[in-house]
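> Pasting in a structure now, in structure tokens, and then I'll have a few things to ask.
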């Protein structure tokens, strides 16, 4: 068999399972590791990839963070994006393609920079109307190239089912009427459905809600731990703080 | 019941070091570092805590499998919570990330591990940002890094974000993904404890398991083992979702009746409807019916009932729901998420989905149920990992427990399809033999 020149017949009647990788173009020469001299890489992207590589014992562990970074710049894992990552990481484009095609969040089809709306259509959400929500969301975003709607595996937020992840922000429970609002909010650059964001949701466990009444009563902490620290109120303004900062615990729906 | 993991969980700012410390945080770490690693391991063994990720393997024994010596060992925290119905780790990471970090450092100390990774699923962006900030805070305070609290123990910790793949929650798939590859599971043995990340001995634990470790150290392993049942010690976070009034995470003592969880805490199905079937441990667990609501919620009782506690995620479907529709959702999900490495899983999940769609389109016969059931038995145990099993077990249980309903669905769909075909023939004015089969969607 002559090396890599055989054309492989493929059936047109759907025997290939949808969702699997696209057929490889066997007539093309495999790409080698790109030459840094002829492949310009944006300085910020290069810095981000290099920082990611430095975190791991093996630089190849940084492939997913690097592809995420490149996708943020290019909108999708385009051949150009792949080449730039390959240049910085000194791996072949084929290796990066093999990884990019495996993961749902890495986009391997042409797409301009866009907003991502992942609608969860797994069991819990679909029991509560996710399929209708998905249809409504697709209809609401129809013709709008900047909003990319897709159904997604369980996003791990069945407590707010049916839900969606809008550019990473979890919102729910959603109704079909919310879909127009999501698209409008995205186009206007507003915060999407602030009332329905998961980040503000309190724990439903009635035992926790009972404990919530004790907020603000410090326990007998080790003096060394608390020395020089400020009050909880000030800590609320610090970066990375969690959800229920502004919202007060609501009356728990106790079952007792 | 006194909450352990969820104690103060909604306190504003608990995700910051300051509030966490004010609540007594990182004192268990000080205590652990004043003990010998062997003593810490003994506490974990005594607690008999079983892994909260799905398999339920005792954590202490997992740590004890790590080889001793100076080789590079790794700890990987599995935060790739993707099991449908599961969202407990999300709440821990978002609201109390330092609890996880503290447990992780103690766990690493017990196994004398110097490099740790947290693999978080890419979709959890808010949670990953919060965790990243918490790791930076902990590092500044000297809880991570070199010579932690003057003990001479070193640990580096890196947060790694995934990119959307269910299979990366499987421990060896996760390791491949963390090494920068496609997340294909590996052949076992060698088990990760011997040869895992970068070929080094690797301890892999779930978020909830590690988050419990500080409390085990604080109260002592034997004391912790008093909570729950003999085979399933401690408390468990249970994610309840689907047809219930109050979906969410509940912390329960292992061994309480499942009915109390579904009806007492989560309020049961709305409008007084009855439970039809429920998944006790994520979508991968065989379903139980309304007659099995009194099974105690613990690892051993669930195994005895022919199912599993899994990740501790209950999905409830009420009497108005169709078993077929749920089975289709399930099969489609696993067919999409199969990595494609092992044939029984890759083909079995795909064909199961197609056969279920045949029922829907009216092309199936009752014999198809037998064929489908036989596919499930051919998947189980024949693959490198349990993704295929995770579809085969619930689908098999649905065929077993709801066979009359599925047979009725077949008949109804066939009648519908026949009627539609006759209508088409009449409308087109063509002879019967040209009607052809109904296309599969």
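> With labels modelled as points extended 7 Å from the Cα through the Cβ direction, what inter-label distance (nm, one decimal) is found for residue B:322 paired with residue B:38?
6.3 nm
> May I ask for the angle, rounded to the nearest 10°, between helix B:403-428 and the longest principal axis of chain B, with both axes built from Cα atoms and the value confined to 0 to 90°?
So the inclination is approximately 50 degrees.
> What does the structure give for B:343-350 when I average, per residue, the other chain Cβ atoms found within 10 Å of the residue Cβ? Don't skip to the answer; put the middle values down first.
Working: counts 0, 0, 0, 2, 1, 0, 1, 4.
Other-chain Cβ atoms within 10 Å of each residue's Cβ, averaged: 1.
> Still on this structure, please answer the following. Using the basic label-point model (7 angstrom from Cα toward the beta carbon), what is the residue B:154 to residue A:26 distance in nanometres?
It works out to 5.1 nm between the two label points.
> Roughly speaking, what % of Cα-Cα pairs in region B:1-67 are separated by over 18 Å, rounded to a whole number? Don't skip to the answer; put the middle values down first.
Details: 1238 of 2211 pairs.
I get 56 percent for the Cα pairs in region B:1-67 exceeding 18 Å.
> Hey, another quick one. In degrees from 0 to 90, rounded to the nearest 10, what is the angle of the helix B:366-379 Cα long axis to the longest principal axis of chain B?
Orientation of helix B:366-379: about 30 degrees from the principal axis.
> With springs connecting C-alpha atoms under 10 Å apart, model chain B as a Gaussian network and identify which of B:421, B:134, B:116 has the largest mean-square fluctuation.
Looking only at B:421, B:134, B:116, the biggest GNM fluctuation is shown by B:421.
> Using all C-alpha to C-alpha distances in the protein assembly as shown, build P(r) with 10 Å bins and read off the rounded percent in each one.
Reading upward from the zero bin: 3, 14, 24, 27, 19, 9, 3, 1, 0, 0.
> If you don't mind, there's one more thing I want to ask. Most exposed first by the Cβ proxy, i.e. fewest other Cβ within 10 Å, how do B:202, B:365 rank? Spell out each step's value before the answer.
Values: B:202 28, B:365 14.
So the ranking, lowest neighbour count to highest, is B:365, B:202.
> So what is the 222 nm mean residue ellipticity for the protein assembly as shown from helices alone, if each DSSP H run of at least 4 adds -39500 (n - 2.57) and you divide by all residues, rounding to the nearest 500 deg cm²/dmol? Walk me through the numbers on the way to the answer.
Details: 26 runs with 276 residues, N = 697.
Roughly -12000 deg cm²/dmol at 222 nm, from the helical runs in the protein assembly as shown.
> Out of every Cα pair in region B:154-206, what percent are spaced more than 14 Å from each other? Please list the in-between numbers first.
Numbers: 715 of 1378 pairs.
Percent of Cα pairs beyond 14 Å in region B:154-206: 52.
> Another question about this same structure. Over region A:100-154, what is the mean sequence separation of C-alpha contacts under 8 Å (at least six apart), divided by residue count, expressed as relative contact order in percent? Before the final figure, lay out the partial values.
Numbers: 58 pairs, mean separation 24.0, N = 55.
With pairs under 8 Å counted, the relative contact order is 44 percent.
> Give the relative contact order (percent, whole number) for region A:52-124; include only Cα pairs under 8 Å separated by 6+ residues. Mind showing how you got there, number by number?
Values: 70 pairs, mean separation 22.0, N = 73.
Relative contact order for region A:52-124 comes out at 30 percent.
> Kindly list the residues of region B:380-422 that lie in the label zone of residue B:187, defined by a backbone N under 16 Å from the point 7 Å along the Cα-to-C-beta vector.
Within reach of a label on residue B:187: B:382-385.
> Over the Cα atoms of chain B, what is the Rg over Rh ratio if Rh follows Kirkwood?
Working: Rg = 24.0 Å, Rh = 23.2 Å.
In chain B, Rg relative to Rh is 1.04.
> Here is a follow-up. Express the relative contact order of chain B as a whole percentage, based on alpha carbon pairs under 8 Å and six or more residues apart in sequence.
On the way: 846 pairs, mean separation 67.2, N = 441.
Over chain B, the number comes to 15 percent.
> Now, a different point. Of B:240, B:63, B:19, which has the largest mean-square fluctuation in a 10 Å C-alpha GNM of chain B?
B:19
> Give me the distance between the Cα centres of region B:224-244 and region A:92-163, rounded to whole Å.
33 Å
> Mind giving me the FRET efficiency for residue B:271 and residue A:72? R0 is 56 Å, r the Cβ-Cβ distance, nearest 0.05 is fine.
Details: r = 45 Å, r/R0 = 0.81.
Taking R0 as 56 Å, the efficiency between residue B:271 and residue A:72 is 0.80.
> Quote to one decimal, in nm, the extra length available between residue B:351 and residue B:370 on full extension: 0.36 nm per residue of separation minus the C-alpha distance between them.
Numbers: separation 19, 0.36 × 19 = 6.84 nm, distance 1.36 nm.
Length gained, residue B:351 through residue B:370: 5.5 nm.
> When chain B is modelled as a GNM with alpha-carbon springs shorter than 10 Å, which of B:276, B:42, B:304 fluctuates the most?
Ranking B:276, B:42, B:304 by mean-square fluctuation puts B:304 first.
No value in this document is a laboratory result; all are computed from the given coordinates. Remember, it's a predicted structure, so these values are computed and weren't measured experimentally. All Cβ positions, glycine included, derive from the backbone under ideal geometry; neighbour counts span all protein chains shown.
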